[in-house]
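First the structure, in the form of structure tokens, and then the observations on it.
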Amino acid sequence: MKSLSLKTAGPFLLLTFIYFIVGFLTTVNGQCQGPLKIAFLSETTTMRNSLTTLISFAFFLGYLLNSSRTGRMLNLIGYKRTLIRSLIVMVEGLVLYTASAFCAEYVGGAGIVFNGDFVPFGYFVFLMGSFLMGTAAAMLQVVINPYIAAYPLPGTSAVQRMNFTCAVNSFGTTIAPLFVTGIMFAGVPLDSVDASQLSLPFILMTLCIIVTTMTTRRLALPDIEGTRSATDDNTSASAGEKAKSVWSFRNLKYGVITIFFYVGTEVSIGNNINLHAMELASSGAALSPALLATIYWGGFLIGRMVSASMKNVKPRPMLITVTLGAIALMTAAMLTENLWLLAAVGLFHSVMWSCVFTLAVDGLGEYTSRASGVFMMGVFGGAVFPVLQGMMADWIGSWQFTWTIALVCEFVLLWYGIRGYRK
């Protein structure tokens, strides 16, 4: 991208930094599955994988329940005020994370028996924190995605800006697995992990988000004309025109369905590859769960940085090409049970989000802010598919062929690129 003044690029850089935070904390939440499987669920047997993947389910449930209402909020009060409220919700989620650690440390023996398994109360507090963190992430993305796509940054295209911002987001997701294993649970064998180790890291992260919130309140974030409607109900319209529902746009409607499946496969690999690695490691395989996750999210970083420099590439052919690559690599990884190949799928997944979002809101104009909230509801796929995969792993006793669930998601993405996207 061309050299720009700080005044011109200021809002773009601010939202890009906040998107980094979203990526970092989203992956921290997911990477806590493995350690918390030991810390919270060591006494469970029959539903251990299912309960572990509920951490991701609670996180992405926040997207389903709060994305649409955030779109309406954005339409009514604007980008900056919605952004501030989103950061406050994130602080509340981090407070609950910290509270779960205190529960584990001081009342660890208290809990309930579910289906013959003992589940401590600290686990449920962490689930509530995951839900609030997912809500905050959803709210922030409802603000950031349309703003970045529409922001008039000279010398850039919408998909180029989206890929750059997503690349910074991917830097957060890349370093998060190493943060979890190297700092939060540093030097502790996996079978000795204690949830009380969460306290200090989450306190520090809470303070960081508080500072970010206070700084954001003082900075200018100008509104963008033509992305918000003048009405505050479920529809919007220009003067003299009949109001339309955002669901009447075919490319958006099928874009929401597609992103549901995309986030399902993205999160299934990102969060469950470490659980599969733990299973293989128990059989003597030399695998590092943290390294596999880092390679996967690192592929996002590389792919997005490369694509951010490709100004003239169209999102539709890019989506078709990378989806075909992901299908081929995932199939080979599953049949050979080679998790290194599975981790490499991140390179192909890297640009799918920006391609689908750009196609979904193409031509929506004043409906864009509302459409962003509707679009983000599709992220709930990140709650559904990892849990289905965990249930399948419990049922068949292995993770190997559970990746067929993620493979089905890839074919939906291919369909959207070939036939689903039509305005």
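General observations
- In order along region 51-58, the Karplus-derived 3J(HN,Hα) couplings, from 6.51 cos²θ - 1.76 cosθ + 1.60 at θ = phi - 60°, round to 5, 5, 6, 5, 4, 5, 4, 4 Hz, and Gly and Pro are given as x.
- Shape descriptor for region 89-206: Rg over Rh equals 1.11 (Cα atoms; Rh from the Kirkwood inverse mean 1/r).
- Converting the Cα gyration tensor eigenvalues of the chain into ellipsoid dimensions via √(5λ) gives semi-axes, longest first, of 34, 25, 20 Å.
- Residues in region 397-404 carry Karplus couplings, in order, of x, 7, 8, 3, 8, 5, 6, 4 Hz; the curve used is 6.51 cos²θ - 1.76 cosθ + 1.60 with θ = phi - 60°, and Gly or Pro positions show x.
- Percent accessible area from carbon and sulfur atoms, the chain, protein chains only, probe 1.4 Å: 66 percent
- Estimated FRET transfer efficiency (Glu92, Ala328; beta-carbon r; R0 35 Å; 0.05): 0.25
- Selected from Gly93, Cys103, Ile148, residue furthest toward positive end of dipole (region 35-150; charges at beta carbon): Ile148
- Intensity falloff of region 1-92 expressed as log10 I(q)/I(0), Debye formula with alpha-carbon point scatterers, at q = 0.17, 0.21, 0.22, 0.23 Å⁻¹: -0.89, -1.10, -1.15, -1.20
- Karplus-based coupling profile of region 333-341, in residue order and whole Hz: 5, 5, 5, 9, 6, 9, 6, 5, 5, with θ = phi - 60° in 6.51 cos²θ - 1.76 cosθ + 1.60 and x standing for Gly or Pro.
- Taking all Cα-Cα distances within region 281-423, those exceeding 18 Å account for 64%.
- Average accessible surface for the chain: 38 Å² per residue, computed with a 1.4 Å probe over protein heavy atoms with every protein chain in place.
- When Rg and the Kirkwood radius Rh are both evaluated on Cα atoms of region 28-76, their ratio Rg/Rh stands at 1.22.
- On full extension, the segment bounded by Ser309 and Asp223 gains 28.3 nm, given 0.36 nm per residue less the C-alpha separation.
- Theoretical gain in end-to-end length, Phe411 to Ile183 [0.36 nm per residue, Cα-Cα removed]: 78.3 nm
The values are calculated or read from the model by the stated rules, or taken from the named source; none is laboratory data. It should be emphasised that the depicted structure is a prediction, and the values quoted were computed from it without experimental measurement. Glycine gets a Cβ as well: all are built from the backbone with ideal geometry, and neighbour counts include every protein chain shown. Just the protein is used for accessible areas: all its heavy atoms, side chains included, with ligands, DNA and RNA removed. Shrake-Rupley method; radii C 1.70, N 1.55, O 1.52, S 1.80 Å.
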